[in-house]
Amino acid sequence: MLNLVLFGPPGAGKGTQSEKLIEKYALVHLSTGDIFRANIKGETELGKLAKSFMDKGELVPDAVTISMLEDVVNKQVNPKGFIFDGFPRTSAQADALDKFLAGKNWKISAMLALEVNDEELKKRLLLRGKESGRPDDANPEVIQNRINVYNRDTAPLKNYYEAQGKYRGVKGIGTIEEIFNGLCKEIDTLK
Ligand code: AMP
């Protein structure tokens, strides 16, 4: 089983690359951001709660996010593997994920981290804000808060996976194909 954590700051290209990776490796794509957005669209209770945090660029509380993720994983029938995109984002989420997977005799194969500098990120996010229709991409203050939250809560997860020998940095600048090839090269060393 191939279970990948796709890691990187907002705007690093996780969504774009996930789409290509699931096709090549037949994995289940699990983006917590996408699941929250689907709940907002469907006007569920979870969506209402998530929106109140997402609109500010804050993280949705761990307990809610973890149980939502576990529910979606539990629904898959004979998965070949997963791409976790935008999850885990805190140490508590990373711990919970390891324990949850261990309970199924599964584990994370690697964390693939897209490395992109701050200047390029802001450029990409502002462009995405004009095109994606995502309200959290349109407001520079919210973008800045998401980057701050990433640096404070999420970036330290590099150390968590590094300590397990699972961290793989991949250059996140270049054409979509170049970045994809860099990711595939790392994945192919895992098999
Ligand atoms: P994303 O689509 O990954 O950029 O996520 C958009 C927003 O959804 C984030 O800014 C958070 O508010 C929320 N979110 C997504 N994933 C998580 C997570 N793993 N933990 C907490 N909040 C999350």
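Around residue 29, which amide H atoms from residues at least 5 apart in sequence, or from another chain, sit under 5 Å from its own amide H, with H modelled in the peptide plane?
83
Order 175, 189 by their accessible area, 1.4 angstrom probe, all chains in place, largest first.
Numbers: 175 70, 189 95 Å².
Per-residue accessible area, sorted high to low, gives 189, 175.
Would you kindly compute the Cα radius of gyration of the chain and its largest Cα-Cα separation (Dmax), both in Å?
15.8, 43
Peptides 1-11, 43-53: what's the order by average Cβ count within 10 Å, highest mean first?
Details: 1-11: 22.5, 43-53: 14.5.
Ranked by mean Cβ neighbours within 10 Å, highest first: 1-11, 43-53.
Rounded to the nearest 20 Debye, what is the dipole magnitude of the chain about its Cα centre when Lys and Arg each give +1 and Asp and Glu each give -1 at the C-beta?
Details: 28 positive and 27 negative charges, 57 e Å.
The dipole of the chain has a size of about 280 debye.
Between residue 102 and residue 20, what is the FRET efficiency for a Förster distance of 30 Å, r being their Cβ-Cβ separation, to the nearest 0.05? Write down the numbers at each step before the final one.
Details: r = 29 Å, r/R0 = 0.96.
Efficiency, from the Cβ-Cβ distance: 0.55.
The values are calculated or read from the model by the stated rules, or taken from the named source; none is laboratory data. Please read these numbers as outputs of a predicted model, since none were measured by experiment. Virtual Cβ from ideal backbone geometry, glycine too; neighbours counted across all protein chains shown. Just so you know, the surface numbers come from the protein's heavy atoms only, side chains and all, with ligands and any DNA or RNA stripped out. Shrake-Rupley method; radii C 1.70, N 1.55, O 1.52, S 1.80 Å.
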